[in-house]
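Please read the structure below before turning to the comments.
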2 protein chains.
Amino acid sequence: MKRLLPLFFFLFLFLLSHFPFSAPSLSRTPHSLASFSSKPDRPRARSGPVYETRYFRQGLDHFGFDPSLPSFEQRYLVGPAGGWAPGGPIFFYCGNEGDIEWFAENTGFVWEVAPRFSALVVFAEHRYYGESMPYGSKEKAYKNAKSMSYLTTEQALADFAILLTDLKQNLSSKGSPVVLFGGSYGGMLAAWMRLKYPHVAIGALASSAPILQFEDITPFDTFYDIVSNDFKRESISCFEAIKESWDALEAQGQKHDGLVSLTEKFRLCRELNNTEQLSDWLNSAYSYLAMVDYPYPSGFLMPLPAYPIKEVCRQIDSHPNGTSVLDRIFSGVSIYYNYTGSVKCFDLDDDPHGMSGWDWQACTEMVMPMSSSRKNSMFPPYVFDYAAYEDQCIKNYGVKPRPRWVTTEFGGHDIRTVLKKFGSNIIFSNGLLDPWSGGSVLQNISDSIPALVTELGAHHIDLRASTDEDPQWLVEQRKTEIKLIKGWIDDYYEERRASCII
Amino acid sequence: MKRLLPLFFFLFLFLLSHFPFSAPSLSRTPHSLASFSSKPDRPRARSGPVYETRYFRQGLDHFGFDPSLPSFEQRYLVGPAGGWAPGGPIFFYCGNEGDIEWFAENTGFVWEVAPRFSALVVFAEHRYYGESMPYGSKEKAYKNAKSMSYLTTEQALADFAILLTDLKQNLSSKGSPVVLFGGSYGGMLAAWMRLKYPHVAIGALASSAPILQFEDITPFDTFYDIVSNDFKRESISCFEAIKESWDALEAQGQKHDGLVSLTEKFRLCRELNNTEQLSDWLNSAYSYLAMVDYPYPSGFLMPLPAYPIKEVCRQIDSHPNGTSVLDRIFSGVSIYYNYTGSVKCFDLDDDPHGMSGWDWQACTEMVMPMSSSRKNSMFPPYVFDYAAYEDQCIKNYGVKPRPRWVTTEFGGHDIRTVLKKFGSNIIFSNGLLDPWSGGSVLQNISDSIPALVTELGAHHIDLRASTDEDPQWLVEQRKTEIKLIKGWIDDYYEERRASCII
C-alpha cells in the first residue's frame, strides 16, 4: 500500500509541533500515516482522472548558474486530450507538498470542468515530493541542508513556468491560455504564479490558499480560534469538554501509572512516553476535522461521515452524566481515527522517515506563526515563540528560517491597496469552516480578483469532484468559478484576435 | 584615477565581441578605458548629488538555503533627506552593471526631482559590481562559475526588495511609496521590479530599457540598423564611407606590412595583431556615438560635442576628393576618441582584469541576439550564431547560457496582451536615436503603462541632469514623467486614506 501524504498534513503537523504543552519538536511527522487510505476519494464521483505520466528535466537552481549542480526529472500528469486542439486552453494544477497522483485523484473539479473548455489538463509535481526528487532519491535529496537548499517556493514556481513554456512550445500551442489551479499550499502557488508569471498563465483559481498566514498579517490566534468555533457551533458542551480535557490528561499523566492507564484508555498500540504525544494526536484530529468538515461522507484523510464534527460532538455529548471527560473525548476522536471500526489499536509513532519536505519548508520560508488564545480556543493556551522556533530549525536542519521573506517576495501586507490596480484574474475561494480561511483573502480585491466565500465550506471543497450530495451553495460556487474562468479565456482569445495575433 | 565602467559599456562590448569579422571573443573588454573621464558629467547641471554611503548585509542566495554560503555587504547611497519625513516617498535607483557612485553622478534627474516630492533618494548598487562584492573581493567573487553563480538579475532584484523592506522598517516608513528609476539594464531592473514586487514599489520609470531584446522578440538586425540610420540621417556619404571602410581595412591588413601601416594610420600605441582589433574599436565608437548622440556637449563616456554624430560625419565628409576612406574614417572616430585633442596614441588593449560582470551575465541570462543586415547596416554583414555564442561561454566561463530564461521569468512575448490588464505604473521612456530603443517598449501598453518616445532622444537622456541647453521636447518629456509620478504618489496616499490605513 502506498503511503501518500495528504495535502495539508505537513502544513498542519508542523504547527502542532510548535503548539502545546512542552518544547516544540519540528521533526514530528504524521501520526497513523499507515492507516490512511491511499485510494482516490470519489464517493459517487461522476468521472475519474485518466492521465499519462511524463517527466521533464529541470535545472536544480533556476536563479543561479553553479555548473556543478545536477538536474532532475520532474513528474507531471497529462490528460485528457479529448477535444483539445493545439492552441486550446491548458488547465494546470500547481502541485503542492506531496505525491502528484494523490492531488490528481483528489481534485476532481479540474477533470470534470476541462472537457467543457476542451482543455488539456496538466498536474505538475512539486520538486522534492513524490517522484520529483533531485539527486536520484529522497534519501539523497533530503540528506542535509545543502541538498535540500533548492526546495523553495520560488524554485518550484520557476519549474512550473519552464515546464509550461516548454510544453506549449512542444505542443505547437504557444498561444494557449493557461489557467492555474491549486488548493491549500497549491492554491498559494497558483495565486503567486499568476502574480509572478502573468505571461505564462492568464488566471488562477486559488482555493483555501492562506497567503496571509505570514509574519504579522493574520492574528496568530486565528487558526485555532476557527477550529474551536467549528466545534462550538455544533455544541457548547462538546467545546467545553475538549477544553477541559487537556488538564485532565495532564493530571492523569502525572499520576502513578498514569501513562499506562492513558495508553489503555486510548487503546494505543505502544505505551505512551509522555502526555504530549497524546495531546498532539488529539490536536491533529480536531484540526483535521475542521478542515474536512465536508457536507457529505468523504475519505480524503480518513473515512468520515458527512459533517464529521457534528458526529464527533454527538459522541462526546452522548455519554451519561458522570462519564470522565477523557472517555468522552476518546469516543469523539474515534469518529476521526476509527470511523470504520476496524482499527484494533492506535499507532502514535513518528513517521520513520524523519525529515519531511514541508517541515523543511516551514523551517525556511513557510513560517506561519500561530498561537492559541486563552479566550476563544478550546486548545491549551500557547503564545507563538519565534526564538524557540528558530532554535528548533537550527537544531533540526542547520538552517535559520527567514520569517519575513515570504511577505518580501510575494507581498501580503495591505494586499487590497497593492493589488487593487495591479494584477487580475485570481479567484480566492474559501470556506469559513476551514481554519486556513483565516489567513486567506476573504474580501474582493478588485473586479478581477474576487473572493468567493462560503459559510459552510471546508478546506478547498470546491476543487473536489462533484457528488450527488453537493449542497446548493457548493453547486453555485463552482458555477461562479466556471463562469469567471470562461470569462478569462474568452477575453484572452478576443484580445488576441483584436491584436491580430491569431 | 578611478576606472569607472560606463552603464552600457558591458552591454555593448559583449555584443561587439560577437559581431564582425572573426571568431567571437567574449572576454574582450573596453578599449581605451583608461582615457575615460571619471568625473561626474554635469555641464551646466543645476545641482549635484549629496549622499551618504551605507552598507547592508545581504544573503548570497535568496532562493535557496545552503548554510555554507557567505553573506556580503551591499553598498547603497542615501540622500538628501531634507524635507523628507517618515512615510514620505522614496526614490530608488536600481543600480546596474557598474559602480553605483557613477550612476548616482550621472542620473541627475532623480536628484533634481526628489526635493519637489520631499522624497528620500536611494541608489543601490548591483551585487558583484563596485564595492558590493561577495566573498570579500572582486578577485574572489569572479574566481569561477561557482563563485559567480549568484550574479543574476533575480538575485539582484531580491536584494533591492529586501533592502527596501528593511529600510522602510528602520525608517518607520512602512507606508512610504517607493518609486523606482533605472536606465538601460537598470531600467530593465526597474520595470521588472515593479512587475515582480508591486508590494514593494508603486511605480517605475524605466528609461531605455531593452526588455524585448531577447529570444526572438526583436528582429536581430534592429540594433545595428538603428546605429546605421543615425549616421545615414546625418549624411548618406558618411554612412557609405563607413560601410566601405571595412573592406578597405581588411584589404590593407592583408598587404605586406599592412598591419604596420594601419597601426601608424590610426596612431595606435601598440602594433596591431589583426584587423579585428581595429574594427572592434571602430564599431565601439559608432555604436557608442549612437547611444550618446545628445543634443548638448556631454562627457558621459567621452568628452563630446553636441550631436556628436553630426560632427563625426562632418569630419568624414569634409576631406578633399581622393582622400582614402581609412583616412576619412580615422578623422571621424577621432571626434569620439580624441575630441579634446589630448590623446597622443590610442590604446586598443584588452582590459587586464579579463572577466567582467556583464560578460558573465551575457553568458548566463542576458542573451541578446544581434545580427548585422546586408541591406540596412553600415557594419559588415553578420548573422547571429547561437552555437558559437554558447561554445564561447562554455569555453570562457564553463557555463551554458539559458537564452530562453529571461522571457520565461520576465515575459516579453505579446507584452501588450499580457500586461494590458495586468500591472500598472510603469513608464517606458525611449529616444529613437538610441539603438537600444529597438528592443524596448515603444507603444503604450495601457493607460498606466505608457511609452514615452522622443524622436531625437538618445540613451536615457531623460535621466540626466537638466541643462540650460535642453531642447523643448526633453523638457516636456521630463514634465510628463513628473506628472505621472505625482499621479502615482497622490493615488497611493489617497487609496490608503480611503482604506483608513493612514
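The values are calculated or read from the model by the stated rules, or taken from the named source; none is laboratory data. Quantities reported herein were computed from a predicted structural model and do not represent experimental measurements. Note that each Cβ is placed from the backbone with ideal geometry, even for glycine, and that neighbours are counted across all protein chains shown. Side chains are part of the model used for accessible areas, which takes the heavy atoms of the whole protein and leaves out ligands, DNA and RNA. Shrake-Rupley method; radii C 1.70, N 1.55, O 1.52, S 1.80 Å.
State to the nearest 20 debye the size of the charge dipole of chain A about its Cα centre, where the only charges are +1 on K and R beta carbons and -1 on D and E beta carbons. Mind dumping the intermediate values first?
On the way: 47 positive and 59 negative charges, 201 e Å.
The dipole of chain A has a size of about 960 debye.
Spin-label pair A:Ser118-A:Asp347: with each label point 7 Å from Cα along the Cα-Cβ axis, the two points sit 5.0 nm from one another.
Taking a sphere under 14 Å around the Cβ of B:Gly341 and counting the other residues whose Cβ falls inside, with K and R at +1 and D and E at -1, yields a net charge of +1. When A:Glu390 is represented by a point 7 angstrom out along its Cα-to-C-beta vector, the spacings to that point in the other copies are 4.5 nm, nearest first.
Shielding by partners for A:158-168, please: the mean number of other protein chain Cβ atoms within 10 Å of each residue's Cβ. Walk me through the intermediate numbers first.
Details: counts 5, 0, 0, 4, 5, 1, 1, 6, 2, 0, 0.
Average neighbour count from other chains, rounded to a whole number: 2.
Of the beta bridges in chain A, as assigned by DSSP with both residues counted there, near 40 percent are antiparallel.
Where both partners of a DSSP beta bridge lie in the protein assembly as shown, what percent of those bridges are antiparallel, to the nearest 5?
Working: 30 of 78 bridges.
Roughly 40 percent of the beta bridges in the protein assembly as shown run antiparallel, per DSSP.
Look at the stretch B:404-411: the mean tally of other chain Cβ atoms within 10 Å of its residues' Cβ atoms is 5.
Within the set of other residues whose C-beta is less than 14 Å from the C-beta of A:Tyr76, count the net charge using Lys and Arg as +1 and Asp and Glu as -1.
Values: positive: A:Arg54, A:Arg57, A:Arg75, A:Arg127, A:Lys168; negative: A:Glu52, A:Glu73, A:Asp99, A:Glu101, A:Glu125, A:Glu131, A:Asp159, A:Asp166.
Result for the local shell: -3.
Let me have the relative contact order for region B:98-190, percent, based on Cα pairs under 8 Å that are six or more residues apart.
Values: 52 pairs, mean separation 17.1, N = 93.
Computed value for region B:98-190: 18 percent relative contact order.
Helix B:153-170 and the longest principal axis of the C-alpha atoms of chain B enclose an angle of approximately 40°.
Against chain B, whose longest principal axis is taken from its Cα atoms, helix B:325-337 shows a tilt of about 30°. In a reduced charge model with +1 at each Lys and Arg Cβ and -1 at each Asp and Glu Cβ, the protein assembly as shown shows a dipole moment near 520 debye about its Cα centre. Just how much of B:Ser261 is accessible, in Å², when a 1.4 Å probe is used and the result is rounded to the nearest 10? Here the accessible area works out near 40 Å². Using R0 = 22 Å, the C-beta based FRET efficiency linking A:Ala85 and A:Lys483 works out to 0.40. Of all DSSP beta bridges confined to region A:75-140, the antiparallel ones make up roughly 45%.
The lysines within cross-link reach of B:Lys486, meaning a Cα-to-Cα straight distance under 18 Å and a gap of 8 or more places when in the same chain, are A:Lys421. Put a label point 7 Å from Cα along the Cβ direction on A:Glu271, then list its distances to the equivalent points in the other copies in nm, shortest first. Between copies, matching label points for A:Glu271 lie 9.5 nm apart.
When Lys and Arg each count +1 and Asp and Glu each count -1, what net charge do the other residues less than 10 Å away from A:Gln477, Cβ to Cβ, add up to?
So the surrounding residues net to -2.
Label point of A:Arg267 set 7 angstrom out along Cα-Cβ; within region A:279-296, no amide nitrogen lies under 13 Å from it. For chain A, find the longest principal axis of its Cα atoms and tell me its angle to the long axis of helix A:472-498, 0 to 90°, nearest 10. With rounding to tens, the tilt is 20 degrees.
Each label point was placed 7 Å from the Cα along the Cα-to-Cβ direction; for B:Glu250 and A:Glu139 their separation is 6.2 nm. Of the solvent-accessible surface of the protein assembly as shown, computed with a 1.4 Å probe and all protein chains present, 51% belongs to carbon and sulfur.
Selection among A:Ile485, A:Cys313, A:Gln392 by position relative to the dipole of chain A gives A:Ile485 as farthest towards the positive end (Cβ unit charges, Cα centre).
Sequence gap at least 6, Cα distance under 8 Å: using those rules, report the relative contact order of region A:301-374 to the nearest whole percent. Don't jump to the answer; show the numbers that get you there.
Working: 31 pairs, mean separation 22.1, N = 74.
After rounding, I find 30 percent.
Spatial offset of region A:407-429 relative to region A:363-378 amounts to 23 Å, using the alpha carbon center of each. Could you work out the relative contact order of chain A, using alpha carbon pairs under 8 angstrom and six or more residues apart, expressed as a whole percent? Worked out over chain A, it gives 21 percent.
Applying 1/(1 + (r/R0)^6) with R0 = 51 Å to the Cβ-Cβ distance of B:Gln443 and B:Tyr55 gives a FRET efficiency near 0.80.
Per residue, how much accessible area does region A:350-502 show when a 1.4 Å probe rolls over the protein heavy atoms, in square angstrom? Intermediate results must be reported in sequence, preceding the final value.
Values: 5990 Å² over 153 residues.
Value for region A:350-502: 39 Å² per residue.
Using a Förster distance of 30 angstrom, determine the FRET efficiency expected from the C-beta separation of B:Ser68 and B:Tyr386, and round it to 0.05. Intermediate results must be reported in sequence, preceding the final value.
Details: r = 35 Å, r/R0 = 1.16.
With R0 = 30 Å, the Cβ-Cβ based efficiency is 0.30.
Partner shielding of B:139-146 amounts to 2, given as the average count of beta-carbon atoms from other chains within 10 Å of each residue beta-carbon.
Each residue was assigned an accessible area with a 1.4 Å probe, and for B:Glu311 the value is about 40 Å². Pairs spanning more than 18 Å between alpha-carbon atoms, out of A:Lys243/A:Lys375; A:Lys196/A:Lys420; A:Lys255/A:Lys344; A:Lys400/B:Lys196: A:Lys255/A:Lys344; A:Lys400/B:Lys196. Between chain A and chain B, roughly 4700 Å² of accessible surface gets buried, counting both sides and using a 1.4 Å probe. Taking N as the residue count of chain B, its C-alpha radius of gyration divided by 2.2 N^0.38 Å amounts to 0.96.
Taking all protein chains as shown and a probe of 1.4 angstrom, A:Met368 keeps an accessible surface of around 10 Å². Note on region B:189-215 and region A:120-182: Cα centroid distance 26 Å, given to the nearest whole angstrom. Given the protein assembly as shown, report the % of alpha carbon pairs whose separation exceeds 49 Å. Here the long-distance tail beyond 49 Å is 30 percent of all Cα pairs in the protein assembly as shown.
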